[in-house]
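First the structure, in the form of C-alpha cells, and then the observations on it.
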Amino acid sequence: MKKFTTFIFLFSLLVACSVTTPQLTVNTTLPRTYGLDKTDSVNTRFGPWSLFYRDTCLIALIKIAVQNNFSSRLALERIKLADANYANAKSTLLPSLNASINGSVDRYGEYTMNGIGNDDTNRSESLPADKKLPSPYPELFASPTFSWAVIL
C-alpha cells in the first residue's frame, strides 16, 4: 500500500508541474475595402513620387540619385541572377540532345597479344586483302545521345 501511495503522490506531483499554454484568440477579420480604395486623395501610395515636388532641379537630382543608387542597382542585378538561375533550373526538365565525335590511332607492339593476333590474322590466306588490319589502326567514333528525365 505504501508503494501505491508513493506512486500516486509522484504521479500527481509530475502532473501538477506541467505548464499549460493559454489559447489565444485573434480577431482576423479585415475591413471589406482594406487596400482597395484607389480614389482616396489622402493616400499617396498610388501616385508617382515626382508629384510631391515642383522644383525641376530637385526632380532631376532625385532621378539621378535613384538611377545611380548602388543598393537598388545591386538589387536589380540580384533579381536578374535569380531569373537566370530559375531559367537554368527549369531547363533541366527539357530534353537534351548531345553529339560526340572521337578519333584515335592505335599501334600495337610486335610482341603484345594484340600485335601478334593482328599479325596472325593478316597472314591468313583465306582473308581478302581489303579485310586485313592496318598498322597503325585508325578508329573514328561518332554518337548522338538523347536524354529526357521525367520528374514526378
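The values are calculated or read from the model by the stated rules, or taken from the named source; none is laboratory data. Model, not experiment: these values are computed from the prediction. Positions of Cβ are backbone-derived with ideal geometry, glycine not excepted, and every protein chain shown enters the neighbour counts.
Points to keep in mind about this one:
- Flag for Thr145 being touching a strand residue (DSSP E or B) at 6+ places or on another chain (Cβ under 7 Å), exposed (fewer than 10 other Cβ atoms within 10 Å of the Cβ), hydroxyl-bearing (Ser, Thr, Tyr) and modelled with pLDDT of 80 or more: yes
- Residue check for Ile101: β-branched (Val, Ile, Thr) and in contact (Cβ under 8 Å) with a residue 40 or more places away in the chain: yes
- The numbered conditions (1) within 36 Å of the chain's Cα centre (by Cα); (2) small (Gly, Ala, Ser); (3) modelled with pLDDT of 75 or more are all true for Gly35 except (3).
- Hey, Leu133 under 52 Å from the mean Cα position of the chain (by Cα), at pLDDT 85 or above, in a loop (DSSP other than H, G, I, E, B) and of a type outside the set (S, T, N, Q) or not: no
Table: residues versus (1) at pLDDT 85 or above; (2) part of a loop (DSSP other than H, G, I, E, B); (3) out of contact with any Leu (no Cβ under 9 Å at 6 or more places or on another chain).
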{"residue": "Leu51", "(1), (2), (3)": "no, no, yes"}
{"residue": "Ile59", "(1), (2), (3)": "yes, no, yes"}
{"residue": "Arg78", "(1), (2), (3)": "yes, no, yes"}
{"residue": "Ala87", "(1), (2), (3)": "yes, no, yes"}
{"residue": "Lys90", "(1), (2), (3)": "yes, no, yes"}
{"residue": "Ile101", "(1), (2), (3)": "yes, no, no"}
{"residue": "Val105", "(1), (2), (3)": "yes, no, yes"}
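- In segment 81-121, the residues that are surrounded by 10 or more Cβ atoms within 10 Å (Cβ to Cβ) and farther than 30 Å from Leu140 by Cα: Leu81, Ala82, Asp83, Ala84, Asn85, Tyr86, Leu93
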